[in-house]
């Protein structure tokens, strides 16, 4: 194969953020499209899905395929990239009729609470209407095309990556606006005669032709940049420029003129039906009848493309009861209702359809059913239930699912204990140094972000005590004075301090003893006291998981509250013959949040009505809601829980800071100045300050200022207690950034340690250890960006949680802002500390130093 | 010196080396202390045919401190554009002399050039976009809250209009106007 072609085919730039964006957009569209198609397969055809996904693929090809690196060497390749961005991607995306699928694909709370008000805004509606009008869209396209092809502008884009992004954004944006009136994606309706698209498209083609001709026939190089880069394949810069002009000319003209043909045929076939008329607005959005069971709180928005065909049509499979006529009335979708609907197609405003989608530009606002209503949040059954996933749901509902998950982890714990006690005393070469401190920690936080408290579900420490309880039933109750989190707060502080002070991460021997002690403690406590006292009141890992999973997207909760109301047996808490009830005393109908929930699924197995699921919930919502929670009480009255949250938040930053070079150097300097042999004293002082002194000072000050500035009626302690929960997302983001960094840079270290472990037994099953894999790989730029994004999201969620808590105290936004301001300052301080930490050179713990 | 920017960065050297054409790119532009990408394109001198399989080594020597030397092989794996071979050098601020050793170039003097490496930008500037985008989100939230705060007024207006036409219509149905 020609080396240039071969190199071209292998030159795929890696842009994780573009990939994530495209995948997320495609997934949202697909979800929405499937939902809409389920309701009205006649209206939502596979062609739309193919077009939209094709548009995303074209965007990917333009920006993250070999076209991107080769565009810098060949103007003609660069032109292909621009043609894709301006002439291929936009029409394909619009042909996918993306508005409703994208809205429908968003989670309902986001759709209803966040997107709804913006899309309903008349201001936004008017702006988009103005922007997408041909008299604006065409000049914008011409300006973008000609402006960026001026030599100075083009050279600027070629020599500056930042301006290159701007150029691409301009081309894509101008293309989207230009093609909007041509494609008229549903629910858009024509605001002018289709005949007007002829001059619109012809003018676009003319300007494209003139520009192309300039490039093609010019006898001088318009962009000197291409004279400076090496010429490949014997193509001169001028020939390259001519070829670029031809690419712009021929495919460009085809793309502009092909729609004219289609429109012409349509006009000939449909006659004046294809032109807009002053029709009754609601007819354009006749809502077909739908089964009552199909409603999910948002009206099934499956309007027909043409009033005549859509009217009276039944949804396939809609043999069930039909929605009453008045409910399917057009009023929810019409901008001005029946009486004034005739004005909907007025020439000065947006089309009715467009107005409806964005809320209309009239003074009267109506709800857009697909957006749902904010008030519905929390009333509807969650759309997602992990127990309903085929295969996974069946497995989790199996009575022995938990034990099946625990056994592998139990075996791994056994391996860690053995290797820790008998293996090499170097963390990076020992499974006890690698598995717990790199893999387990990283996977736990990632699992919490993606699902929930999955580690407690598979906790190996519970397995021995569960087996022992078959023969011995504990009868004693956990002491009343210890029924709080203070003991676990103390244990957590000790653990965080010991981790750093005794370098547990580099001591397989100590790690093995910690695991052993964990098994012994869990066994002893639960053998003596009934219930899950160890999990609820002692286990530091459990407390970590409980607090961090407050912002997990899944929660074990009741599917249908009405079923619980009529339930007489309450097996979820009392237990049944086949399954114990909740040992942590969380009564499902009154359970709220993941606090104290180990995801053991006992309640799921015990419920005789199959009314408990693992449901999707808005992450973090429980932080600002404060109902009475079974087994927990009110968050706002639990000072011990708040202290746990504060310790875990500040602990996240202290734990991450402890491995940064400046802090290590500071501790060594302090030790040296004090004439100490080890940095133990300095480490102890640091942890005392970071976990006790600073939290007390900062949280106390924020509570005092909040109390004073907003005139809150609560005491400072109550204010501190309530607002401390708002810090949890920020703390979690720091844990996530820290642990995912270690995991993603050192995940391969498990390979040589496993090889060594087996080699020690004389097994050559995995070969000899490849110690080069135990070296930490250099952190990619995207990893640093990912860490910052985690912190950004944590900050935003913390700020929002604080604001919502403040609103629950004061109700008035102005007073709420005053109340939350000190907490926001504290959050920004922590955020700044987190940013500083991720910028520092890190000790690559658990890995071998890179040689050479 | 050319300041054209290509896939590998800015063209730093372009010329004939024996029977080969060598083009060297550096990235970022301007070079700043930290990791500097040096990409090399080797072509046949006569035909211009790319020869990405030819091994290349990049050597950098600090001009004012000759004892500071860095040597790294340039590989196609490290290059995005597989026509090129790239090496990542961790360079401190200052002037560096860079030599490109192309295998098989014989006695011909290898491509060389001086590279002025500037002080690195503070990381919070380099990552300014990633740190700062929450400000945009907060701004959007303010707009959102403003729009939300406007809704009750609009709804009450709608309700009053509707009530004028149909007395007690809303109260009878028990459905707020914005939930029709």
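Throughout, read-outs are computed from the coordinates displayed, never taken from laboratory work. This one's a predicted model, so the numbers in the text were calculated from it and none came from an experiment. FYI the Cβ positions are ideal-geometry reconstructions off the backbone, even for glycines, and counts take in every protein chain you see.
Quick one: compute the contact order of chain A, relative version, from alpha carbon pairs under 8 angstrom and 6+ residues apart, as a percent. Could you put the intermediate results ahead of the total?
Values: 1331 pairs, mean separation 85.4, N = 852.
Here the relative contact order equals 10 percent.
Cα centroids of segment A:742-805 and segment A:192-259: how far apart, whole angstrom?
Value for the Cα centre distance between the two parts: 48 Å.
Which whole number gives the average count of other chain Cβ atoms within 10 Å of the Cβ atoms across peptide B:81-88? Intermediate results must be reported in sequence, preceding the final value.
Values: counts 11, 11, 12, 5, 0, 0, 0, 1.
The shielding value for this peptide is 5.
Show me A:570-582, A:384-396 ranked by packing, highest mean number of other Cβ atoms within 10 Å first.
Numbers: A:570-582: 17.8, A:384-396: 13.8.
Ranking the peptides A:570-582, A:384-396 by packing returns A:570-582, A:384-396.
Computed FRET efficiency, Cβ-Cβ of residue A:609 and residue A:585, R0 25 Å: what is it to the nearest 0.05?
Details: r = 20 Å, r/R0 = 0.81.
With R0 = 25 Å, the Cβ-Cβ based efficiency is 0.80.
When Cβ neighbours within 10 Å are restricted to other protein chains, what is their mean count per residue of peptide A:158-170? Intermediate results must be reported in sequence, preceding the final value.
On the way: counts 3, 6, 2, 5, 1, 0, 1, 0, 0, 0, 0, 0, 0.
Counting other chains' Cβ atoms within 10 Å and averaging over A:158-170 gives 1.
What percent antiparallel are the DSSP beta bridges of chain A, to the nearest 5? Before the final figure, lay out the partial values.
Values: 9 of 12 bridges.
Roughly 75 percent of the beta bridges in chain A run antiparallel, per DSSP.
Considering Cα pairs under 8 angstrom that are at least six residues apart, work out the relative contact order of segment A:545-640 and quote it in whole percent.
Numbers: 155 pairs, mean separation 36.1, N = 96.
After rounding, I find 38 percent.
On the principal axes of its Cα set, how long, how wide and how thick is chain A? Give whole Å, largest value first.
Projected onto the principal axes, the Cα atoms of chain A cover 87, 72, 60 Å.
Considering every residue in A:5-16, what mean count of other chain Cβ atoms within 10 Å of its Cβ is obtained? Each step should come with its number before you reach the end.
Values: counts 0, 4, 8, 3, 1, 6, 8, 2, 3, 1, 0, 0.
Per-residue shielding by partner chains comes out at 3.
Please tell me the relative contact order of segment A:1-117 in percent, rounded to the nearest whole number, where contacts are Cα pairs under 8 Å and at least six residues apart.
Working: 121 pairs, mean separation 42.9, N = 117.
For segment A:1-117, the relative contact order is 37 percent.
If packing is taken as the average number of other Cβ atoms within 10 Å across a peptide's residues, how do A:644-655, A:736-747 rank, most packed first?
Details: A:644-655: 25.7, A:736-747: 21.6.
Result, highest mean Cβ count within 10 Å first: A:644-655, A:736-747.
What order do you get for A:14-22, A:428-436 when each peptide is scored by the mean count of other beta carbon atoms within 10 Å, highest first?
Per-residue mean Cβ counts within 10 Å order the peptides as A:428-436, A:14-22.
Could you please state, rounded to a whole Å, how far the C-alpha centre of segment A:1-48 is from the C-alpha centre of segment A:56-90?
16
How far apart, in nanometres, would the label points at residue A:24 and residue A:477 be if each is projected 7 angstrom from Cα along the Cα-to-Cβ direction?
According to this spin-label approximation, the distance is 4.9 nm.
Computed FRET efficiency, Cβ-Cβ of residue A:562 and residue B:138, R0 45 Å: what is it to the nearest 0.05?
On the way: r = 40 Å, r/R0 = 0.88.
Approximately 0.70, to the nearest 0.05.
What is the calculated FRET efficiency for residue A:666 to residue A:494, with r their C-beta to C-beta distance and R₀ = 22 Å, to the nearest 0.05?
Values: r = 23 Å, r/R0 = 1.02.
It comes to 0.45.
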